[in-house]
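A.B. asks: Here it is, the structure in full.
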Amino acid sequence: MEAALSEVTVDSTLVLLTVEEAARRLRIGRTTCFSLIRTGALESLLIGGLRRVPVDAPAAYVARLRTEQSAA
C-alpha cells in the first residue's frame, strides 16, 4: 500500500525527473523510456553526466501521440 501511495504523491516542486520516474509516469519500462529519449521523442537533458527528463516532458509526449493518432 505504501508503494502505491508514493506513486500517487507527486512533489509539485520537482523540475526534473529521473528516467525511472518518467518511465513510471508513462507506465512504460526503463528501457523503452531510454529508447524514446534516444530517438528524441521524449525530451531530456544531460546534467553533469546524469540524464534527466523535464517534469512536463512526459505529458507533452502523450499530447503529441494523441494528436498524431487522432490525425491518422
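Each reported figure results from applying straightforward, stated rules to the coordinates on display, with no laboratory input. Since this is a predicted model, take the numbers as computed values, not measurements. Methodologically, a virtual Cβ is constructed for each residue, glycine included, from the backbone with ideal geometry; neighbour enumeration extends over all protein chains shown.
A.B. asks: Tell me the net charge near Ser44. Cut-off is 10 Å between Cβ atoms, Ser44 excluded, with +1 for each Lys or Arg and -1 for each Asp or Glu.
C.D. replies: In short, +2.
A.B. asks: With θ set to phi - 60°, apply the Karplus curve 6.51 cos²θ - 1.76 cosθ + 1.60 along the stretch 42-56 and write out the HN-Hα couplings as whole Hz, x wherever there is a Gly or Pro.
C.D. replies: Calculated HN-Hα couplings, in order: 10, 5, 8, 10, 10, 10, x, x, 9, 7, 10, 10, x, 4, 8 Hz.
A.B. asks: Let me ask something else about it. Once phi is turned into θ = phi - 60°, what whole-Hz ³J(HN,Hα) does the Karplus curve with 6.51, -1.76 and 1.60 give for every residue of the stretch 59-72, x standing for Gly and Pro?
C.D. replies: Running phi through 6.51 cos²θ - 1.76 cosθ + 1.60 with θ = phi - 60° gives 5, 5, 4, 5, 4, 5, 4, 5, 5, 4, 6, 6, 7, 7 Hz.
A.B. asks: Next question. For the chain, what is the mean residue ellipticity at 222 nm derived from helices alone (per DSSP H run of n ≥ 4: -39500 (n - 2.57); sum divided by total residues; nearest 500 deg cm²/dmol)?
C.D. replies: Numbers: 4 runs with 40 residues, N = 72.
The helix contribution divided over the chain gives -16500 deg cm²/dmol.
A.B. asks: With the contact rule set at Cα under 8 Å and sequence spacing of 6 or more, what percent relative contact order holds for the chain?
C.D. replies: Numbers: 54 pairs, mean separation 20.6, N = 72.
For the chain, the relative contact order is 29 percent.
A.B. asks: Could you please report the charge total around Leu16, scoring K, R as +1 and D, E as -1 over all other residues with beta-carbon less than 14 angstrom from its beta-carbon?
C.D. replies: Net local charge, Leu16 excluded: -2.
A.B. asks: How many times 2.2 N^0.38 Å is the alpha carbon radius of gyration of the chain?
C.D. replies: My calculation over the Cα atoms of the chain gives 1.17.
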